[in-house]
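K.L.:
Following this message is one structure expressed as structure tokens.
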Amino acid sequence: MLLGIDFGGPLLIIDSSTGAATVLRDIITPNNGFFGMAFVTHNARAVDIDIKPDSFPNSINPRSTGVIPVAILTTDSFDATTVDPATVLFGATGTEAAAVHSALEDVDGDGDTDMILHFNTQATGIACGDTSASLTGETIDGQMIEGSDSIKTVGCK
């Protein structure tokens with residue numbers, strides 16, 4: 001297993017054999033001048049996302065001052081309307097940019113309601129040469145979610 005710590009965010013454990021991510025949340029509480037740490041384990045649920053719906057390849061200019069639309073898709077096993085948009089982050093690793101806009105609509109034309117979010121390109125940390133981008137967040141009942149999609153960077157000369 002690979003282990004990474006970031007005291008500004010969650011502690012992640014990635015199982016290198018399966019790719020499954022376990023998120024450990026750090027809770028730091030002052031106690032008479034000392035800090036203690038407790039960990040609560042959450043398994044992130046994989047969700048289907050579509051970066052720049054209706055386009056392929058998903059071309060992103062890292063130098064753009066615009067926004068990147070990203071859809072969280074409802075499937076037979078996941079209801080995208082249960083996602084809390086205030087918890088969703090998107091970018092090179094899925095921890096960079098908060099959504100500047102979100103809406104519920106049928107993004108993929110299959111008759112169910114998906115969630116579409118927009119992220120400021122400059123805040124995503126996507127760099128020339130990146131080939132994928134990721135999204136993380138939580139449902140309204142606290143279930144961690146994660147998803148990724150392929151990208152092609154453009155405008156990098």
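K.L.:
Of a type outside the set (D, E, K, R) and outside any strand (DSSP E or B), is that true of A127?
P.N.:
Details: of a type outside the set (D, E, K, R): yes; outside any strand (DSSP E or B): yes.
Here the answer is yes, as A127 does meet what is asked.
K.L.:
Suppose we filter the stretch 60-81 for residues that are farther than 15 Å from E146 by Cβ and among the β-branched types (V, I, T); how many remain?
P.N.:
Of the residues in that region, 6 qualify.
So that you can scan it fast, the table gives a plain yes or no per residue for (1) at pLDDT below 95; (2) in contact with a helix residue (DSSP H, G or I) (Cβ under 9 Å, 6 or more places away or on another chain); (3) on the phi > 0 side of the Ramachandran plot; (4) not in a loop (DSSP other than H, G, I, E, B):
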{"site": "F56", "(1), (2), (3), (4)": "yes, no, no, no"}
{"site": "A71", "(1), (2), (3), (4)": "no, yes, no, yes"}
{"site": "T93", "(1), (2), (3), (4)": "yes, no, no, no"}
{"site": "S102", "(1), (2), (3), (4)": "no, yes, no, yes"}
{"site": "D112", "(1), (2), (3), (4)": "no, yes, no, no"}
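K.L.:
If you don't mind, another one. Among all residue pairs at least 6 apart or on different chains, which show Cβ distances below 7 Å where the first residue, located in the stretch 68-93, is closer than 17 Å to E105 by Cα and the second is surrounded by 22 or more Cβ atoms within 10 Å (Cβ to Cβ) and charged (D, E, K, R)?
P.N.:
As it stands, the answer is A71/D114; I72/D114; L73/D114; T74/D114; A80/D114, since those pairs meet every condition given.
K.L.:
Ok, one more. Scan the stretch 10-17 and tell me whether some residue there is modelled with pLDDT under 90, outside the structural domain of G142 (by TED's automatic domain parsing) and under 18 Å from G125 (Cβ atoms).
P.N.:
Taking the stretch 10-17 as the starting set, the residues that turn out to be modelled with pLDDT under 90 are 10-17.
Restricting the remaining residues to those that are outside the structural domain of G142 (by TED's automatic domain parsing) gives 10-17.
Retained after the next criterion (residues that are under 18 Å from G125 (Cβ atoms)): 10, 12.
Yes, the stretch 10-17 contains a residue that is modelled with pLDDT under 90, outside the structural domain of G142 (by TED's automatic domain parsing) and under 18 Å from G125 (Cβ atoms).
K.L.:
If a residue has to be buried (at least 18 other Cβ atoms within 10 Å of the Cβ), of a type in the set (S, T, N, Q) and in contact with a Leu (Cβ under 6 Å, 6 or more places away or on another chain) to count, how many in the stretch 91-148 make the cut?
P.N.:
Going through the stretch 91-148 one residue at a time, the tally reaches 1.
K.L.:
Output the number of the condition that T139 fails; it satisfies all remaining conditions of (1) modelled with pLDDT under 95; (2) farther than 19 Å from V67 by Cα; (3) of a type in the set (V, I, T).
P.N.:
(1)
The values are calculated or read from the model by the stated rules, or taken from the named source; none is laboratory data. Values in this document were obtained by computation on a predicted structure and should not be read as measured data. In this analysis, Cβ positions are derived from the backbone assuming ideal geometry, glycine residues included, and neighbour counts consider all displayed protein chains.
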